[in-house]
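Scroll down for the structure; my scribbles are underneath it.
The values are calculated or read from the model by the stated rules, or taken from the named source; none is laboratory data. What you see is a predicted model; the values in this text were computed from it and never measured. Here the Cβ positions follow ideal geometry from the backbone for every residue, glycine too, while neighbour counts run over all protein chains shown. With ligands, DNA and RNA removed, areas are computed over all heavy atoms of the protein, side chains included. Shrake-Rupley method; radii C 1.70, N 1.55, O 1.52, S 1.80 Å.
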Amino acid sequence: MDTIGIAVIGAGAIGRTHIDTLAKMQKTGQGHLALAAVVEPGPQGQALASAHGVPCFCDVAALIDARAAQAAIVATPNETHLPISTMLLTSNLPVLLEKPVAESLESALALIRIVDETGVPLLVGHHRRHNPITKAARDAIRSGRIGNLVLATVTCSLAKTPSYFDAAWRRTPGAGGPLLINLVHEIDLLRHFFGEIANVQAISSNARRGHAVEDTAAVIVTFVKGGVATLGISDAASGPWAWDLSAGENPARFPAHDISAHHYAGSKAGLSLPDLTLWEPDDEPDWTRKLKTTRLPLQAADPYIEQLLHFVQLIREGGMPLVDVRDATANLIVLDAIRTAATKRQEVAVDLRALGG
Ligand SMILES: NC(=O)c1ccc[n+]([C@@H]2O[C@H](COP(=O)([O-])OP(=O)(O)OC[C@H]3O[C@@H](n4cnc5c(N)ncnc54)[C@H](O)[C@@H]3O)[C@@H](O)[C@H]2O)c1
């Protein structure tokens with residue numbers, strides 16, 4: 001089987017995770033892929049590329065001209081996702097694009113057109129979807145074990161350090177903020193588990209950090225199929241209650257705490273994640289009786305590796321990306337509704353008609 005050479009574009013926080021993951025897979029022969037190049041204008045690019053024995057390019061055009069890779073991972077700031085992906089796709093290079101799919105709905109819709117026109121694979125990097133925890137949870141929910149969703153609570157408390165905000169895009173409206181950077185993961189999972197979202201309400205605040213973007217928000221969503229979820233998010237609040245700090249997905253960056261961050265209460269039983277605990281009554285639900293707990297079986301795997309295995313499979317065999325550009329754009333539409341709801345202080349309907357179909 002021919003090895004697929006993959007370039008990593010943007011050697012920042014998550015780009016380095018992808019470089020490490022590629023190097024690990026290359027070493028073991030997993031997926032028959034290899035790190036082929038790094039594209040990074042910052043000074044760390046050359047050092048990282050040299051450490052891995054691959055060329056470093058200052059921009060995507062130079063990578064394309066050099067024909068140095070057969071596919072690329074785009075791990076650059078959100079507002080660059082559309083222009084960089086467009087260059088790659090129109091040069092027939094498949095793309096694994098970090099989430100969120102774009103910084104705005106307008107850009108995401110433009111990207112949908114490019115993907116449709118070129119027919120070149122584009123997978124959006126909602127890596128949690130590739131986590132066996134997510135697959136096991138979805139199977140349990142779909143099997144009817146928790147019944148119909150009644151109430152979900154999702155917490156995401158991340159005490160980011162001041163240096164995290166040295167990168168200006170992370171505090172720039174339209175490009176950064178924890179709604180776009182972090183809550184997009186939670187919205188993606190909720191839609192994956194419970195279907196489309198009908199309405200949202202929200203408040204947001206920048207009182208803790210004083211940046212132009214929010215640092216904290218509380219959101220209420222209502223699902224088309226029924227059920228309501230509350231989501232609390234802050235990048236200025238210390239506490240372990242976040243998927244990122246409990247699922248163990250990226251141990252090199254975040255230690256894992258043995259707690260749960262998602263709680264789904266259904267008409268029959270409850271499910272907490274990422275610990276995959278099912279909370280069931282012996283008989284009919286009864287708040288006066290102790291619930292029995294079962295940890296659902298799990299064959300743990302690194303979601304970044306699983307995501308790359310899916311990416312190379314798409315390149316070799318074709319098929320539908322697990323997270324395609326339209327699906328990821330639906331997340332952005334929900335986020336837009338949340339931001340509008342927070343600004344106007346009113347309930348906002350989620351309108352997916354821009355996606356067609
Ligand atoms: N899947 C996840 O869990 C996850 C985690 C973190 C970040 N992300 C996403 O990944 C993207 C990058 O986030 P980050 O935190 O790593 O950012 P970062 O600021 O740490 O790194 C971005 C890097 O891209 C480089 N860059 C900027 N413009 C470029 C260009 N035109 N060509 C090549 N390189 C360029 C910058 O110099 C920087 O090194 C964002 O879209 C973010 O939302 C995803």
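Details
- Selected residue [closer than 27 Å to residue 178 by Cα, open to solvent by less than 20 Å² (accessible area, probe 1.4 Å) and not in a strand (DSSP E or B)] from 335, 314, 322: 335
- Filtered residues of the range 69-97 (kept if open to solvent by 30 Å² or more (accessible area, probe 1.4 Å) and not polar (S, T, N, Q)): 77, 79, 82, 83, 87
- Which numbered condition residue 100 fails, given (1) open to solvent by less than 30 Å² (accessible area, probe 1.4 Å); (2) not in a loop (DSSP other than H, G, I, E, B): (2)
- Residue 68 in a loop (DSSP other than H, G, I, E, B), more than 11 Å from the ligand (Cβ to nearest atom) and more than 16 Å from residue 15 (Cα to Cα): yes
- Residues of the range 177-223 satisfying the condition of being β-branched (Val, Ile, Thr) and open to solvent by less than 40 Å² (accessible area, probe 1.4 Å): 181, 184, 187, 197, 200, 213, 219, 221
- For the range 224-239, the set of residues classified as crowded, with 16+ Cβ neighbours inside 10 Å and either outside any strand (DSSP E or B) or not assigned by TED's automatic domain parsing to the domain that holds residue 194 (or both) consists of 227, 235, 237, listed by residue number.
- Residue match in the range 128-142 (condition: outside any helix (DSSP H, G or I) and within 16 Å of the ligand (Cβ to nearest atom)): yes
- Options 106, 117; residue that is open to solvent by 10 Å² or more (accessible area, probe 1.4 Å) and closer than 30 Å to residue 216 by Cβ: 106
Yes/no per residue for (1) of a type in the set (Gly, Ala, Ser); (2) out of contact with any Pro (no Cβ under 9 Å at 6 or more places or on another chain); (3) assigned by TED's automatic domain parsing to the domain that holds residue 41:
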{"position": "74", "(1), (2), (3)": "no, yes, yes"}
{"position": "85", "(1), (2), (3)": "yes, yes, yes"}
{"position": "97", "(1), (2), (3)": "no, yes, yes"}
{"position": "114", "(1), (2), (3)": "no, yes, yes"}
{"position": "124", "(1), (2), (3)": "no, no, yes"}
{"position": "137", "(1), (2), (3)": "yes, no, no"}
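- Unmet requirement for residue 174, which otherwise passes all of (1) open to solvent by less than 30 Å² (accessible area, probe 1.4 Å); (2) within 25 Å of residue 211 (Cβ to Cβ); (3) not in a helix (DSSP H, G or I): (1)
- Sole residue being farther than 30 Å from residue 18 by Cβ, of a type in the set (Asp, Glu) and not in a helix (DSSP H, G or I), chosen from 249, 284: 284
- Some residue of the range 49-62 being more than 9 Å from the ligand (Cβ to nearest atom) and within 22 Å of residue 119 (Cα to Cα): yes
- Filtered by the rule that a residue be acidic (Asp, Glu), in contact (Cβ under 8 Å) with a residue 12 or more places away in the chain and open to solvent by 70 Å² or more (accessible area, probe 1.4 Å), the range 21-66 gives a lone residue, 59.
- Residues in the range 1-33 that are within 22 Å of residue 79 (Cα to Cα) and among the small types (Gly, Ala, Ser): 7, 10, 11, 12, 13, 15.
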